[in-house]
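Here's the structure we're looking at; comments come further down.
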């Protein structure tokens, strides 16, 4: 257990450093997409920019709406950040004695709990814009969670285990993406919707909701929400690599694949406009859910055929 705690703390420190440089990567990539320069002043070509932003955020004044429900308003960002930290317990460390046999179920539970943090942060602000953003986010995340669960079940049928390390053993010869290419693209789109990223960023629609559910937050509260969002993006890249792209934990290629998925999150934000809300809901209920259900029944039928015939 002591070894697990030490590895977990080391993982959290590495993830926080990774988050800071992912923000720098995003600003630089979006700058090149929009034919302008990104941050390039602090340090040599700008690597100190994330640390400057972090220091500025935490030293700014903490303001709050006079009519807000203060305790819930104050605790919600901490709750969101705590959930993001908790997700990284699932990081499959091969040198560790700790074995998480129900990792997929734990992932589903934690992502489901994230809805409450967003909803409470929007409601407790006592602002119409924040409330509308949180309600949009709740409807969006709950809708896409259904499709995500069925997509994960399709992959679990191959492995017959909820342990993330087992996915590495079963993908030594062939990656699961080659048997699930349509589901892989559905999974990537669902990851965008789960993390409230463009083109599905309706909870933070700047053009109509003035930054959405976090509009009333400043200083540390905003920084915590910001950190939680980017930690979830990196974790979704990790889950994509584990479920579909081989999960070769001891290889540098594994981390390269995670960063490739994170870059894809950023690239999509730079090139695609925001969807209409009704098209977002149509996409999950009329396309992703029937497709994942059909794949699940197909794989389950093949499995039962080989068991009983």
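Of the listed requirements (1) surrounded by 15 or more Cβ atoms within 10 Å (Cβ to Cβ); (2) closer than 30 Å to residue 271 by Cα; (3) touching a helix residue (DSSP H, G or I) at 6+ places or on another chain (Cβ under 8 Å), residue 34 misses just one: (1).
Candidates are the residues of the stretch 229-248 that are at pLDDT below 90 and over 9 Å from the mean Cα position of the chain (by Cα); the one that is nearest to residue 91 (Cα to Cα) is 247. Restricting attention to the stretch 91-105, the residues that are at pLDDT 85 or above and either buried (at least 19 other Cβ atoms within 10 Å of the Cβ) or touching a helix residue (DSSP H, G or I) at 6+ places or on another chain (Cβ under 6 Å) (or both) add up to 2. Look at (1) buried (at least 22 other Cβ atoms within 10 Å of the Cβ); (2) within 20 Å of residue 148 (Cα to Cα); (3) over 20 Å from the mean Cα position of the chain (by Cα) and you find that residue 216 fails only one, number (2).
The set of residues in the stretch 111-134 being at pLDDT below 85 and out of contact with any helix residue (DSSP H, G or I) (no Cβ under 7 Å at 6 or more places or on another chain) consists of 126, 127, 128.
Considered as a group, the residues in the stretch 169-192 that are out of contact with any helix residue (DSSP H, G or I) (no Cβ under 8 Å at 6 or more places or on another chain) and more than 21 Å from residue 297 (Cα to Cα) include one that is surrounded by the most Cβ atoms within 10 Å (Cβ to Cβ), and that residue is 171.
The values are calculated or read from the model by the stated rules, or taken from the named source; none is laboratory data. From a predicted model like this one, the values you see are computed outputs, not experimental measurements. Cβ atoms come from the backbone with ideal geometry, glycine included; neighbour counts cover every protein chain shown.
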